[in-house]
Every structure is written in structure tokens, then in C-alpha cells.
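**Q** Pasting a structure below so you can have a look.
The values are calculated or read from the model by the stated rules, or taken from the named source; none is laboratory data. Predicted model, so just to flag it, every value in this text is computed and none were measured. Glycine gets a Cβ as well: all are built from the backbone with ideal geometry, and neighbour counts include every protein chain shown.
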Amino acid sequence: MSAAERREQLLDVALEILCDQGAEALSIDAIAKGAGITRPVVYTQFGDLPGLLHALVEREEAKVLQQLAKAIPVSVGEVEPDDVIVNAIAAFLAAVAERPRTWQIVLTPPQGMPRSLHDKVVERREAVVEQITPLIAWGVTKRGGPAGLDHRLLGRIILVLAEEAGRLVITKPDQFPPELLVEQSRVLVSSLSTEGLAGVAATPGSVGTPPSEETGLRVAEAAAGATGAAKTEPKADVEGESSGSPKPKARAKSSSRSRSRKA
């Protein structure tokens with residue numbers, strides 16, 4: 001076995017121990033025993049246990065990034081907006097099912113894992129939100145609503161739901177297979193009503209290409225403008241009434257002066 005192959009073997013053993021027994025069970029001794037080698041071989045490859053954990057986090061992060069790149073589309077073409085989201089969730093859950101141990105340490109990090117893992121997970125989550133927000137904006141615009149949605153916030157909500165679905169695939173694969181969760185995701189996405197968006201049209205040129213956040217903002221502003229106009233009408237009436245009220249007083253004052261001059 002080459003040094004590179006041995007390194008991968010040791011990382012595989014470490015990942016297995018980590019997922020099955022937890023971080024407290026992970027040690028150089030346990031890894032060497034699981035690989036059927038002596039401790040010095042592990043030290044030669046990684047130096048110490050923190051070095052091994054760092055290498056493991058780096059390897060699994062690279063695999064996560066590869067799978068996410070396949071799950072999140074760069075362009076959408078003629079695909080329906082709901083299908084873009086559902087297909088992305090389907091690809092994500094397929095990735096989780098393909099490498100459950102990798103996603104287990106990402107979605108349910110064991111106690112005792114290095115802080116760097118938590119930081120990488122947070123960083124990656126923010127990057128995913130940035131990637132899917134333009135897709136959300138494009139989809140909401142193309143389907144004609146619902147109105148008043150914050151595209152970035154909706155992206156976060158979808159990501160949280162997808163992550164929870166991933167945890168179910170890992171922890172209860174028989175009860176929650178990816179096919180069932182994808183089907184329910186489609187029902188959930190299609191249930192987003194477009195009612196209440198009268199007068200707000202899709203932005204020209206938005207179909208087929210994910211727009212910038214400015215495009216979604218224009219739609220939200222149009223909806224807010226319609227609401228704001230309705231609120232200003234009663235105010236104008238009130239102002240009209242108040243502006244007319246001094247006139248009788250002015251006339252009364254003038255009449256008073258006239259009577260004084262006549263007297």
C-alpha cells in the first residue's frame with residue numbers, strides 16, 4: 001500500500017470511528033487498531049491526533065464542495081422555478097445518501113470536533129445562501145409571487161429545511177428515504193400562493209437567467225408602492241378637512257372688523 005493509499009485508509013477509519021462512536025472514542029490507538037497497523041504509522045502520516053482531524057476536515061470539506069457544486073445550478077434555462085428548487089434539493093439529498101458519513105459530521109458535528117469544523121460549516125452555509133438567493137429572486141419573479149418575500153431569508157429557510165431533510169436521510173433512512181422528502185418538498189414549494197400580487201408584473205428579461213437582487217427588489221418595491229398608495233389617500237382627505245377649517249374663522253374675523261367700522 002502506497003503512502004497516499006495508507007493516508008486515505010487512516011482517514012476512512014477515523015471517519016468511521018467518529019460517526020459511529022463519537023469524538024471521545026477517536027484516538028491514535030483506536031485508529032491504528034482499526035486499520036490493523038502500529039501507532040508509529042499513524043504518527044508518520046499526520047504527526048498527532050489534531051493533525052489527523054485537520055486532514056479529515058479538509059478532505060470531507062472538499063467532497064462536500066464537489067457535491068454542492070453539482071446540486072446548485074449555475075444557470076436554469078427553461079426549467080420551471082419550482083423545479084429548480086426541488087431538483088436542487090433532490091441532488092443534495094442524493095449526495096447525502098451517497099456519502100452519509102461525510103454529511104453526518106457536517107450536519108450533526110460530534111462533540112469534541114475541532115472549532116475549525118464549526119467555522120467551515122458556518123462559512124459554507126453562508127456561501128450557499130449567497131448562491132441560491134439569485135435563484136430564489138428569479139423564481140419568485142417568474143412565477144409571479146408571492147409578494148413581500150425577502151429572497152435571502154427564503155433562501156435561508158429552504159437551506160434549513162434541506163439540512164433537516166439531510167439529517168433524516170442519515171438518521172432514519174428507512175422512514176425518510178430521499179424520494180419521499182423530495183416529493184414533500186415539491187408539495188411545500190408549490191403551496192406558496194401567488195395571490196395578492198395583482199399589478200406586480202415579472203421583470204422583463206428575468207426568464208431563463210437568475211437575476212440580481214436588484215431585480216427582486218424592484219418587484220418588492222412595486223408591491224410596497226401599491227400598498228403605500230392606498231395608505232396615503234385617507235391622509236390626503238384629513239389634510240383637506242383641516243386646511244378648510246380656518247376659513248370660517250377668517251370670515252368671522254372679517255365680519256367683526258366690518259361691524260366695528262360701521263359702529
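**Q** Name every residue in region 33-65 that is closer than 16 Å to P114 by Cβ and exposed (fewer than 12 other Cβ atoms within 10 Å of the Cβ), in order of residue number.
**A** Listed by number, the residues that qualify are D48, P50.
**Q** Return only the number of the condition from (1) among the aliphatic types (A, V, I, L, M); (2) without any contact (Cβ under 8 Å) to a residue 40 or more places away in the chain; (3) assigned to a helix (DSSP H, G or I) that L15 does not satisfy.
**A** Only one criterion is unmet by L15, namely (2).
**Q** Follow-up question, since we're still on this one. For region 128-182, give me each residue that is of a type in the set (G, A, S) and under 25 Å from P109 (Cβ atoms). Walk me through how you get there before you give the answer.
**A** Taking region 128-182 and keeping what is of a type in the set (G, A, S), we get 137, 139, 144-145, 147-148, 155, 162, 165-166.
Across region 128-182, the qualifying residues are G155, A162, A165, G166.
Condition check ((1) hydrophobic (A, V, I, L, M, F, W, C); (2) part of a helix (DSSP H, G or I); (3) in contact (Cβ under 8 Å) with a residue 60 or more places away in the chain) across all residues:
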site	(1), (2), (3)
L52	yes, yes, no
A55	yes, yes, no
L65	yes, yes, no
L68	yes, yes, yes
V79	yes, no, no
D83	no, yes, no
A90	yes, yes, yes
L93	yes, yes, yes
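**Q** What number of residues in region 149-177 are surrounded by 14 or more Cβ atoms within 10 Å (Cβ to Cβ) and more than 22 Å from V76 (Cβ to Cβ)?
**A** 8
**Q** Could you check P109 against (1) under 28 Å from P177 (Cα atoms); (2) outside the structural domain of I136 (by TED's automatic domain parsing) and say which number it fails?
**A** Answer for P109: the failing condition is (2).
**Q** With the requirement that a residue be outside any loop (DSSP other than H, G, I, E, B) and in contact (Cβ under 8 Å) with a residue 60 or more places away in the chain, what does region 18-50 give you? Reasoning before the result, please.
**A** As a first pass, look at region 18-50 and keep what is outside any loop (DSSP other than H, G, I, E, B): 18-21, 23-25, 28-35, 39-46, 49-50.
Those that are outside any loop (DSSP other than H, G, I, E, B) and in contact (Cβ under 8 Å) with a residue 60 or more places away in the chain: L18, C19, A23, E24, P50.
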